[in-house]
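**Q** For reference, the structure I am asking about is given below.
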Amino acid sequence: MHASRVLVVEDEFFVALELELLIHKQAPSVQVVICSSVSDARAAMAEPVGLALLDIDVLDGKTYEVAARLAEQGTPIVFISGSRPEEIPPTLRDVHFIPKPYHGPQIIEAIAPLLASGAHS
């Protein structure tokens, strides 16, 4: 999968910026698209997305629909959320889940292999 664009759906501004910094540490040339809502994420998905980091609860609802659409396209997804993993719909339970509060190394461990596997070519 081509990850020249990484979608971050996160409604906490400083968390979104931290995630962007962590992504750029691993892949400086990747374009990071930050969205704070499901509706913004839908619009951002009009262009190919190679990796997505999704908070579950954002300004206008849950990102499950976004995750399902991306999964159908074969896009790697990581949930980064304060939600409980058992609340995730069964069809999305295989998605990598990092609980909030997280530590930067957890994010890097999750995304580094996805970005290194030709993801930012």
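The values are calculated or read from the model by the stated rules, or taken from the named source; none is laboratory data. Please read all numbers here as calculations on a predicted model, not as lab measurements. Glycine also receives a Cβ, built like all others from the backbone with ideal geometry; neighbour counts cover every protein chain displayed. Quick note on the areas: whole protein, heavy atoms, side chains included, nothing else; ligands and nucleic acids left out. Shrake-Rupley method; radii C 1.70, N 1.55, O 1.52, S 1.80 Å.
**Q** Which one of the conditions (1) more than 11 Å from Leu115 (Cα to Cα); (2) open to solvent by less than 40 Å² (accessible area, probe 1.4 Å); (3) not charged (D, E, K, R) does Ile34 fail to meet, given that it meets all the rest?
**A** (2)
**Q** Still on this structure, I have one more. Within the group Ala52, Ala41, Ala67, which residue is surrounded by 18 or more Cβ atoms within 10 Å (Cβ to Cβ) and under 17 Å from Glu18 (Cα atoms)?
**A** None of the other options fit; the residue is Ala52.
**Q** A follow-up question, please. Given the residues Leu7, Leu19, Leu51, which is the only one that is within 17 Å of Lys100 (Cα to Cα) and in contact (Cβ under 8 Å) with a residue 24 or more places away in the chain?
**A** Leu19
**Q** I need the full set of residues from region 40-65 which are of a type outside the set (Gly, Ala, Ser), more than 17 Å from Leu114 (Cβ to Cβ) and in contact with a helix residue (DSSP H, G or I) (Cβ under 9 Å, 6 or more places away or on another chain), in order please.
**A** If the condition is that a residue be of a type outside the set (Gly, Ala, Ser), more than 17 Å from Leu114 (Cβ to Cβ) and in contact with a helix residue (DSSP H, G or I) (Cβ under 9 Å, 6 or more places away or on another chain), then Arg42, Met45, Asp55, Ile56, Val58, Leu59, Asp60, Lys62, Thr63, Tyr64, Glu65 are the ones that fit.
**Q** Which members of region 1-31 meet the condition of being buried (at least 16 other Cβ atoms within 10 Å of the Cβ), over 25 Å from Ser83 (Cβ atoms) and small (Gly, Ala, Ser)?
**A** Ser4, Ala27
**Q** Would region 86-102 turn up any residue that is under 22 Å from Arg5 (Cβ atoms), loosely packed, with under 13 Cβ neighbours inside 10 Å and either more than 12 Å from the chain's Cα centre (by Cα) or without any contact (Cβ under 8 Å) to a residue 24 or more places away in the chain (or both)?
**A** Within region 86-102 (the criterion being under 22 Å from Arg5 (Cβ atoms), loosely packed, with under 13 Cβ neighbours inside 10 Å and either more than 12 Å from the chain's Cα centre (by Cα) or without any contact (Cβ under 8 Å) to a residue 24 or more places away in the chain (or both)), the answer is no, since none of the residues qualifies.
**Q** When the residues of region 111-121 are narrowed to those that are in a helix (DSSP H, G or I) and surrounded by fewer than 19 Cβ atoms within 10 Å (Cβ to Cβ), which ends up modelled with the lowest pLDDT?
**A** The selected residue is Ala116.
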